[in-house]
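Colleague: Structure incoming, see below.
The values are calculated or read from the model by the stated rules, or taken from the named source; none is laboratory data. Please read these numbers as outputs of a predicted model, since none were measured by experiment. SASA here: full protein model, heavy atoms, side chains in, ligands and nucleic acids out. Shrake-Rupley method; radii C 1.70, N 1.55, O 1.52, S 1.80 Å.
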Amino acid sequence: MNEELPIYESLIRERGDVVEEARVVAEETQHQMTQALNGVAATPHETGAP
């Protein structure tokens with residue numbers, strides 16, 4: 001299948017895998033919202049705060 005998508009492969013190498021990055025952020029957000037709804041306070045690391 002990789003041979004069928006050379007343009008996509010090239011874009012991933014040049015720009016990064018945006019789809020993968022979006023998936024990771026969505027999973028992190030879902031985790032944080034689940035904890036918030038359960039009344040668990042987020043740590044500064046989880047919120048991105050310094």
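Colleague: Could you check, for segment 13-29, whether at least one of its residues is modelled with pLDDT under 85 and under 20 Å from the mean Cα position of the chain (by Cα)? Outline the logic, then answer.
Modeller: Of segment 13-29, the ones modelled with pLDDT under 85 are none.
Scanning segment 13-29, I find no residue that is modelled with pLDDT under 85 and under 20 Å from the mean Cα position of the chain (by Cα), so the answer is no.
Colleague: Kindly provide the set of residues from segment 20-41 that are of a type in the set (A, V, I, L, M, F, W, C) and open to solvent by 100 Å² or more (accessible area, probe 1.4 Å), ordered by number.
Modeller: The answer is 33, 37.
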